[in-house]
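Undergrad: Have a look at the structure that comes next, please.
Every number in this text was worked out from the coordinates using simple rules, so none of it is lab data. Owing to the predicted nature of the structure, the values given are computational and were not obtained by experimental measurement. All Cβ positions, even for glycine, are placed from backbone atoms using ideal geometry, and neighbour counts span all protein chains on display.
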Amino acid sequence: MSAEAYERERQNNARLDELSAKISALRGVTIDIYDQARQHEMIDSTSETFSSMATQLKGSATRLGRMAAAGNRVAVLKLSGIIVGTVLVLYYMWKLMFS
């Protein structure tokens, strides 16, 4: 094998290694973009779930408020229980997150 052919082969191998490194970097970026999109989808889904839950909770509280205004003792007790339960849940969630 001549020296010139050997040199070309070495240059080809070097360029092939460079191309392989670039492809690996591109693959890493693509995977990162995919992971970010999946996390964004999950955040959107969670946001929609909480929004829906807040709307339902608001509707329930409105109905209980109407029943309490009508003088229904059971409704007043239910409303009190929901308020106390919500405060306890929020307290324990706060305690778990920031302790």
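Undergrad: Calculate the dipole size of the chain relative to its Cα centre from +1 charges on Lys and Arg beta carbons and -1 charges on Asp and Glu beta carbons; express the result in debye to the nearest 20.
TA: With Lys and Arg at +1 and Asp and Glu at -1, about 1100 debye.
Undergrad: Taking the alpha-carbon distance from K95 and a cut-off under 20 Å, which lysines remain once sequence neighbours fewer than 8 residues away in the same chain are dropped?
TA: Filter leaves no residues.
Undergrad: Taking 7 Å along the Cα-to-C-beta vector as the label spot, tell me the F50-V76 distance in nanometres, rounded to one decimal.
TA: It is 3.5 nm.
Undergrad: On to the next question. What do you get for Rg/Rh over segment 3-98 if you use C-alpha atoms and the Kirkwood form of Rh?
TA: Here the Rg-to-Rh quotient is 1.57.
Undergrad: Once the Cα atoms of helix 73-98 and of the chain are each reduced to a long axis, what angle between those two axes, in degrees from 0 to 90 to the nearest 10, is obtained?
TA: Tilt relative to the chain: about 30 degrees.
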